[in-house]
Amino acid sequence: MAGLDELNVKEGVEEETVEAVKSLAGTYKYGWETDIEMEYAPKGLNPDIVRLISEKNEEPKWMTEWRLEAFARWEKLDEPSWALLNYPEIDFQDQYYYARPKSMEEKPKSLDEVDPKLLETYQKLGIPLKEQMILAGVEGAEDMPAEGRKVAVDAVFDSVSVGTTFQEELKKAGVIFCSISEAIREHPELVKKYLGSVVPVSDNYYATLNSAVFSDGSFVYIPPNTRCPMELSTYFRINAENTGQFERTLIIADKGSYVSYLEGCTAPQRDTAQLHAAVVEIIIEEDAEVKYSTVQNWFPGDEEGKGGIYNFVTKRADCRGDRSKVMWTQVETGSAVTWKYPSCILRGAESQGEFYSIAITNNYQQADTGTKMVHLGRDTKSRIVSKGISAGKAQNTYRGLVSMHPKAKNSRNYTQCDSLLIGDKCGAHTVPYIEVKNNSSRVEHEATTSKVDEEQMFYCRQRGMDEEEAVALIVNGFAKEVLQALPMEFAMEAQQLVAISLEGSVG
Amino acid sequence: MSTAVKMTADEINADQRPASGAWAAEARADAANRLASMGLPTRRDEYWKWTRPDSLISATPSEAEVFDNQGEPLVFHEIDRLKLVFVDGVFDADASDALEGEGLEIERLSTAAEKDIHWAKDLYGVLETAGQTPVKRPLAAYNSAQATDGVVVRVTGQVSRPVSLIYRHADKASDAILHHVIRVEEGARLTLLENGAAAARFNQVTEVDIAKGAQFHHVRAQGRDHDRQAVTHLFTRVDAEAVFKSFTMTVNGKLTRNECVIEIVGDEAVAHVAGAALGDGADSDFHHDDTVFITHDAVACESRQVFKKVLKNGAKGVFQGKILVKPDAQKTDGYQKSQSLLLDDDASFQAKPELEIYADDVICSHGSTTGAIDEEALFYLRSRGVPTPIATDLLVLAFLADAIEEIEDEDISAEITGRLDAWLSRRRG
Amino acid sequence: MLKINNLHVKLEEEDKQILKGVDLEVPAGKVHAIMGPNGSGKSTLSYVLSGRDGYEVTKGDASLDGEELLDMEPEERAAAGLFLAFQYPVEIPGVGNMTFLRTAVNAQRKARGEEEMSAADFLKFIRAKAKDLKIDADMLKRPVNVGFSGGEKKRNEILQMAMLEPKMCILDETDSGLDVDAMKLVSEGVNALRDSGRSFLVITHYQRLLDHIKPDVVHIMANGRIVKSGGPELALEVEHNGYADILAEIDA
Ligand SMILES: Nc1ncnc2c1ncn2[C@@H]1O[C@H](COP(=O)(O)OP(=O)(O)OP(=O)(O)O)[C@@H](O)[C@H]1O
Ligand SMILES: [Mg+2]
């Protein structure tokens, strides 16, 4: 027999991963519900509801008009069907479009005034809404300062933002970080200038819907030549039943600035599906850089495929300035249905876009996700690394576009998309579109689909791991390149999520 | 002679469809209904995203100059083969060899169609129909409804020489619709060659049924007819341990769309499809589209797609390739390669290399690259004294080599290489 | 034969000067060696002489038998008789070694107004040369340098040189990667080509090669210049003491 020593566990699997994986227990950790008195807009969708949302947010008239125009357009659109997704028809009239805790009627002036029940909710989710350091308790966090690291949080609960931390400190640096509803009131000139400039109102069915009914989300503005002094994050929580969450995020990185932004999301375990349709727009000016990381952990539905979030998201970054840079990193483990293509418009010369993605689907989950890299400027570069893992009866699709326009001379793209299949009832699909219209650019695309390597499995099990541990370990190795692109705290959480998401996938 | 594309079922059904016996009449009527229910392709169809179907479905074809070959022998002329000649889509018995050969049964489609019972009944329009899901191919259904001529070939044993379909173009405005049906019986083997300018506009369907352990080798040369407007469909069903290999060389042609639809139904079968295209848009448009769909529906089968395109002066290349692995098609080994070399800034390439996989014990992959010529290699050649144009051509041929290597027969592959080389040197002047 | 005069070269893309005034003359029939620390510009010199893209000559010139080299295309330089054995021979997948050489031989003949070589003559010719270098038929059939070992690549370079019969041969570290026997073979190949009308410029790090290919003159290149020239004994000095002494002497 070939010596076991000659076998190598897939590069990138580390001792600590093994530990992390071993220490895990339980399935979806965030399935509990906060018992809190809520206030709802009437069910269904019509111009009055749109007006009502606008009113609740105390918006100026132009914003109301903008929403109504979007609604009028949405009514004329058909729901797209090209994705490899299969779900019962969504009754858009059988949803609540606005839900907020009663206690939020009077906007709290500071975090101290926020309903303790809400604070408790975030505490329980591991996102304390306190202005405190995140301690360097995470293993291998050498690059963290000893006193810890600050992360500012905007917490969105159903339709409203309940609070944003570190606002004062950020203000000193000139950074604006607040809920989008606050931004519409306080910084209308910025919102007016940029909202809808990357994802136009009529971009697609779900984005148009979002434009009409978005209730809250985050707003970020980083002034020129400013490195945002801390990481910014938004935590989205859906709590109310039968309620859709429509969040809107707008990030503007002015010339020479830098920001790293994190997004997390969870929802209670329910047996009816819930709708989530978000839009994220990022504007990046000359020499600026934005890192946007997501750990998407919406309730995925149960083992029978009941319930879960239907997640339709439009995310796009516009690299307007020369040498601007964006990096999307996503770990998609949740949602019953995911429809999401974070994209990069590489307009500025020498601008760069990167997309790192792990999408894990188990049980009856379905994901159709990928990216678009649109090269418009000269000497632009993009890189796509996508890792899809499919288990149970799940379907996982990578869908992407790489487009080199005639003027995008000397540009480069490299795409690697790999799929892993666990079990013989699931599916893994790759649908890339490649369009090259100049010859000084180079586009390379590679894709593979395979199952978990048997020799690696055997090696792990011979070393004492059970099947599930071994799979989690190998999958983590498979996804390493993407995990590495995440900020430290997220990377650990993501590794654990990988293991949890795959629970019950073998045997 | 020319048959305009009809838009509705009534038009199709009312049309003077070629006279035929019961089975053929029924197959044609079915095809007409299929077409009527799916409609003709439009520019909005995802499957026609990058290739405009307009000129393929217009009522009359645009005229095409008849290419004067100036007595130069055509491709394959040195190869001993059974010649079947079609002029503007009509079988020319005088120019053809006798319809007989060892291990072969050959008939003209129109002869077979007049009979009340014929083996081709189980294939004609049948493989085409199977190939209509999940993607609609209306121009193939149109062909089955309207085909005026073609051959039906049954291979029962060892065939001593290749069957060669030679197309000739004589009428500037001809609109040819040919439909061939081939069945290679268990353990038998056939090599099919195709070449020549068929007509001003050409719609071809070939249905090939390959029985257990049988082999079908196909080499096609599309060239010379600069004004070519062609859509071809090759539908094949590959049974256990059988081998299907198809290679197409394409040079020139305003619009060529070659679709290859392969269904692997038996275990341990092999299916390879390859293409090498050289496009220069300087004198007339060049648009070349390879659209491939391979379905794995059996265990331990191998499929390969190797497509290479070299493009310049506004030439456009398209590749749409898909591997579909059905749930029980374990141990599938599928590979897809689509590469293009853009020799100048006007050329463009668009590709969609898809994988759709429902079985877990598989190895499937694809690679696609697009870019300019390798400067390092070019310099190395020049430093050895090879002038840039020759060096470029050498690298172009090298680039195409992967695809040409898919041809098993060495004489034929040498012939193809020679033709490509000659095309390149003619352009070099 | 080869005359280089005050040659200054910078990278085209960056503001980086690599050659800073190289003066060198290799007379007909002579073997000159160039040694020098890594990164001193030896390969750059060979690339610039053979016309590779990416470099900009800012000053100076170079000629071969009185013909201005720097204005010519790479293939014209080759036809004029300049040959470079690459430090890192390029792999060309898909192009057979034979095809490659035949194309090169005939292109050069054509450029010089000579008859092309017939397929049969070529085959005879290449077989004989390959045999001398112990290159088997299989290697001739394979694509240029693809999958060749380091030593095989270098032998292949010498085979090309033997086939093309250039008058000015530049060998860039042809000895690196060769085993003892291959080194002998390659040297014999080179020595067989030595004659009164042919010159060599041998770039190497080791005295070993110069034991086999006896140089007439040895140059030391450092920091983009020829800093010292001398007889074969200079190579021995480098072998024993490295470059430190020589460089110190120059700085002084
Ligand atoms: N295209 C290039 N881009 C960047 N730097 C380059 C380039 N070409 C050469 N250089 C630099 O120029 C210097 C000279 O390189 P060169 O290859 O000529 O050295 P060398 O004397 O041949 O070295 P060695 O003995 O290691 O082969 C080095 O510092 C090298 O890194
Ligand atoms: Mg060197």
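The values are calculated or read from the model by the stated rules, or taken from the named source; none is laboratory data. Worth saying up front: this structure is predicted, and the values here are computed from it rather than measured. As a convention, Cβ positions derive from the backbone with ideal geometry for all residues, glycine included, and neighbour counts pool all protein chains shown.
Quick one: how many residues across the stretch A:363-386 are assigned to a strand (DSSP E or B) and closer than 17 Å to B:Pro353 by Cα? First the steps, then the outcome.
Here is the first cut: in the stretch A:363-386, the ones assigned to a strand (DSSP E or B) are A:366-369, A:372-375, A:381-386.
From what is left, the residues that are closer than 17 Å to B:Pro353 by Cα are A:368-369, A:372-373, A:384-386.
Adding up the residues that qualify gives 7.
Please give the number of the condition C:Leu69 fails out of (1) within 16 Å of ligand 1 (Cβ to nearest atom); (2) crowded, with 16+ Cβ neighbours inside 10 Å.
Result: C:Leu69 passes all but (1).
Scan the stretch B:311-350 residue by residue and report those that are among the polar types (S, T, N, Q) and farther than 28 Å from B:Trp423 by Cβ.
Across the stretch B:311-350, the qualifying residues are B:Gln330, B:Thr332.
From the list C:Ile158, C:Ile170, which residue is modelled with pLDDT of 90 or more, within 14 Å of another protein chain (Cβ to nearest Cβ) and within 16 Å of ligand 2 (Cβ to nearest atom)?
So the residue among C:Ile158, C:Ile170 that is modelled with pLDDT of 90 or more, within 14 Å of another protein chain (Cβ to nearest Cβ) and within 16 Å of ligand 2 (Cβ to nearest atom) is C:Ile170.
Listed here are the residues, each with its yes/no results for (1) within 14 Å of chain B (Cβ to nearest Cβ); (2) free of Cβ contacts under 8 Å to residues at least 12 places away in the same chain; (3) closer than 22 Å to A:Val160 by Cβ.
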site: A:Trp74; (1), (2), (3): no, no, no
site: A:Pro80; (1), (2), (3): yes, no, no
site: A:Glu89; (1), (2), (3): no, yes, no
site: A:Gln93; (1), (2), (3): no, no, no
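Among residues belonging to the stretch C:38-59 that are within 15 Å of the chain's Cα centre (by Cα) and small (Gly, Ala, Ser), point out the one that is nearest to ligand 2 (Cβ to nearest atom).
Of the residues in the stretch C:38-59, the ones within 15 Å of the chain's Cα centre (by Cα) are C:41-52.
Among the residues that remain, those that are also small (Gly, Ala, Ser) are: C:41, C:43, C:46, C:50-51.
Working: C:Gly41: 8, C:Ser43: 3, C:Ser46: 8, C:Ser50: 13, C:Gly51: 17 Å.
Result: C:Ser43.
List every residue pair whose Cβ atoms sit under 8 Å apart, with the two residues 6 or more apart in sequence or on different chains, where the first one lies in the stretch C:24-51 and is over 19 Å from C:Lys10 (Cα atoms) and β-branched (Val, Ile, Thr) and the second, anywhere, is in a strand (DSSP E or B) and within 9 Å of ligand 2 (Cβ to nearest atom).
C:Ile34/C:Ile203
Quick one: which of C:Ala85, C:Ala62, C:Ala119, C:Ala130 is away from ligand 2 (no atom under 16 Å from the Cβ), of a type outside the set (S, T, N, Q) and either surrounded by fewer than 17 Cβ atoms within 10 Å (Cβ to Cβ) or within 14 Å of another protein chain (Cβ to nearest Cβ) (or both)? It would help to see each step written out before you state the result.
Working: C:Ala85 fails: away from ligand 2 (no atom under 16 Å from the Cβ); C:Ala62 fails: either surrounded by fewer than 17 Cβ atoms within 10 Å (Cβ to Cβ) or within 14 Å of another protein chain (Cβ to nearest Cβ) (or both); C:Ala130 fails: either surrounded by fewer than 17 Cβ atoms within 10 Å (Cβ to Cβ) or within 14 Å of another protein chain (Cβ to nearest Cβ) (or both).
Sole residue among the options that is away from ligand 2 (no atom under 16 Å from the Cβ), of a type outside the set (S, T, N, Q) and either surrounded by fewer than 17 Cβ atoms within 10 Å (Cβ to Cβ) or within 14 Å of another protein chain (Cβ to nearest Cβ) (or both): C:Ala119.
Of all residues in the stretch A:300-343, how many are at pLDDT below 95, among the small types (Gly, Ala, Ser) and farther than 20 Å from A:Arg399 by Cβ?
4
Take the residues in the stretch B:143-164 that are in contact with a Lys or Arg (Cβ under 8 Å, 6 or more places away or on another chain) and among the hydroxyl-bearing types (Ser, Thr, Tyr); name whichever of them is surrounded by the fewest Cβ atoms within 10 Å (Cβ to Cβ).
B:Ser164
Would you mind telling me which numbered condition in (1) away from ligand 1 (no atom under 13 Å from the Cβ); (2) of a type in the set (Val, Ile, Thr); (3) within 14 Å of another protein chain (Cβ to nearest Cβ) C:Val190 fails?
(3)
Examine the stretch B:330-348 for a residue that is outside any loop (DSSP other than H, G, I, E, B), over 19 Å from the mean Cα position of the chain (by Cα), buried (at least 21 other Cβ atoms within 10 Å of the Cβ) and within 14 Å of chain C (Cβ to nearest Cβ), and state whether such a residue exists.
yes
With the checklist (1) at pLDDT 95 or above; (2) within 16 Å of ligand 2 (Cβ to nearest atom); (3) over 21 Å from C:Val217 (Cα atoms) in hand, flag the one item C:His8 doesn't pass.
That leaves (2) as the condition not met.
Give C:Ser176, C:Ser149 a once-over and let me know the one that is farther than 24 Å from C:Ala80 by Cβ, in contact (Cβ under 8 Å) with a residue 60 or more places away in the chain and among the hydroxyl-bearing types (Ser, Thr, Tyr).
Exactly one residue qualifies, and that residue is C:Ser176.
Test A:Asp424 against the stated conditions and say whether it is within 21 Å of B:Ala359 (Cα to Cα), at the interface with chain B (Cβ under 7 Å from one of its Cβ atoms) and surrounded by fewer than 19 Cβ atoms within 10 Å (Cβ to Cβ).
So A:Asp424 passes the test.
For the stretch C:101-121, which residues satisfy the criterion of being farther than 24 Å from B:Phe379 by Cβ and part of a helix (DSSP H, G or I)?
C:Ala119, C:Ala120, C:Asp121 - these are the residues of the stretch C:101-121 that are farther than 24 Å from B:Phe379 by Cβ and part of a helix (DSSP H, G or I).
Report, by residue number, each residue of the stretch C:1-37 that is part of a loop (DSSP other than H, G, I, E, B), within 9 Å of ligand 1 (Cβ to nearest atom) and more than 17 Å from the chain's Cα centre (by Cα).
C:Glu12, C:Glu13, C:Glu14, C:Lys16, C:Pro37
Could you tell me how many of the residues in the stretch C:206-252 are within 16 Å of ligand 2 (Cβ to nearest atom), among the polar types (S, T, N, Q) and either within 14 Å of chain B (Cβ to nearest Cβ) or under 25 Å from C:Ser196 (Cα atoms) (or both)?
Final tally of qualifying residues: 0.
Here are some conditions: (1) surrounded by fewer than 18 Cβ atoms within 10 Å (Cβ to Cβ); (2) under 22 Å from A:Glu241 (Cα atoms). A:Leu118 meets all but one. Which one does it not meet?
Every condition holds for A:Leu118 apart from (1).
Does the stretch A:399-406 include one or more residues that are within 15 Å of A:Gln366 (Cβ to Cβ), small (Gly, Ala, Ser) and free of Cβ contacts under 8 Å to residues at least 60 places away in the same chain?
Within the stretch A:399-406, none of the residues are within 15 Å of A:Gln366 (Cβ to Cβ), small (Gly, Ala, Ser) and free of Cβ contacts under 8 Å to residues at least 60 places away in the same chain.
When you check A:Glu231 against the structure, is it among the charged types (D, E, K, R) and farther than 15 Å from A:Val156 by Cα, yes or no?
Working: among the charged types (D, E, K, R): yes; farther than 15 Å from A:Val156 by Cα: yes.
In short, yes.
Mind listing just one residue for me: the one in the stretch C:88-100 that is in a helix (DSSP H, G or I) and among the hydrophobic types (A, V, I, L, M, F, W, C) and, of those, nearest to ligand 2 (Cβ to nearest atom)?
C:Phe100
Starting from residues that are within 14 Å of chain B (Cβ to nearest Cβ) and of a type in the set (A, V, I, L, M, F, W, C), keep the ones in the stretch C:46-59 and report whichever is nearest to ligand 1 (Cβ to nearest atom).
Only one residue tops the list, namely C:Val48.
Output the residue which, of all residues in the stretch B:87-127 that are under 13 Å from B:Ala24 (Cα atoms) and of a type in the set (Phe, Trp, Tyr), is surrounded by the fewest Cβ atoms within 10 Å (Cβ to Cβ).
Top of the filtered list is B:Trp119.
When the residues of the stretch B:114-129 are filtered to those that are farther than 12 Å from B:His180 by Cα, part of a helix (DSSP H, G or I) and of a type outside the set (Ser, Thr, Tyr), which remaining residue is nearest to the chain's Cα centre (by Cα)?
B:Val126
Could you tell me how many of the residues in the stretch B:109-144 are in contact with an Asp or Glu (Cβ under 7 Å, 6 or more places away or on another chain) and among the basic types (Lys, Arg)?
1
For the stretch A:327-359, how many residues are more than 19 Å from A:Leu262 (Cα to Cα) and under 17 Å from the mean Cα position of the chain (by Cα)?
3
Hey, C:Leu171 hits all of (1) within 15 Å of ligand 1 (Cβ to nearest atom); (2) of a type outside the set (Ser, Thr, Tyr); (3) without any contact (Cβ under 8 Å) to a residue 60 or more places away in the chain but one; which does it fall short on?
Of the numbered conditions (1) within 15 Å of ligand 1 (Cβ to nearest atom); (2) of a type outside the set (Ser, Thr, Tyr); (3) without any contact (Cβ under 8 Å) to a residue 60 or more places away in the chain, the odd one out for C:Leu171 is (3).
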